[in-house]
Amino acid sequence: MDQYVTKEIMVEKKGRKYRFPFGVEAQNVETDEMHQFVSALEKKKLENPKELVVEFDDRKEDLSEMESDTTLGKLMNQIRSWIKKLSNTVEHLSLGTASKCNTTEALDVTEEGYVSDARALKIVNDKFGSMSFERQDEDIYAVYKVGADTVRKKLGNDEFVPWKTVDLKGVTDRNRVQFIEVDCRELSGYEDCEAGDFLVVPSSVYQKNVGMECEKIIDRITWSYDGGKLRIQNSVFFQNNTSGEDSQYAEMWYSSFDIYKR
């Protein structure tokens, strides 16, 4: 017989011991802490765990860490306690959020309890021209579309500061001063620069055989920017004066530039 199910009774009669065989009636079997009978209902519950009933003290919160070899009653109380805590946290976070607010498409509503709906956000987006903003280190850039091209423009202070001087005073060939190319790759963020980030100011003029009447003939200069190169288009004046057998050239252009960077 299984010693952990029933305990046999040994009966001594007239000096002889009698052992009850299998199939003994319950009234003839003793039970103790280690030997208990299981009823048909209890056996059915053990065979079908879905019908097990777990009892726990719902007044006692148990948020301790779940571990192996934990009794089912304790484990269920831990689960109940954590679910209750999470539910309270979610409810607390939802207070005052959009889920409990009214919506409006107006941009001037400042009353508490209202949030902007998709129509209001579209109005804001349209006002920005579908422009987005990016941050790189300490610089802010606006990104927007111009036709099929994406433009990325740096925002910030419009103040120009001196950066570099280009000196052409030693050059006397006008063909070498018509276009001046300046390498800007030493500048931080030069990849995102545009022509508008530079200011080119002429600081001196080269003159040869030019009379006073020609001093105002030089036009303003222009410049462009691409791929780290600043290209300055100089204003060059040239005139061939011929009188009889004498021929004289009059030349004038800007011979130095101060470049400012924003």
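What follows draws every value from the coordinates through simple rules; no lab data is involved. Remember, it's a predicted structure, so these values are computed and weren't measured experimentally. Note that we place each Cβ from the backbone using ideal geometry, even for glycine, and neighbour counts take in every protein chain shown.
Pop a pseudo-label 7 angstrom from the Cα along the beta-carbon direction at both THR222 and VAL115 and give the gap in nm to one decimal.
5.2
Using per-residue counts of other Cβ atoms within 10 Å, averaged over each peptide, order 143-151, 68-76, 171-179 from highest down.
171-179, 68-76, 143-151
Note the full-extension length gain between LYS74 and VAL143 as 0.36 nm times their separation in residues minus their Cα-Cα distance, in nm to one decimal.
My answer for the length gained is 19.1 nm.
Taking the Cβ-Cβ separation of LYS60 and ILE83 as r and a Förster radius of 22 Å, what is the calculated FRET efficiency to the nearest 0.05?
The value I calculate is 0.90.
For region 148-198, what percent of Cα pairs sit more than 12 Å apart?
Cα-Cα pairs in region 148-198 separated by more than 12 Å: 76 percent.
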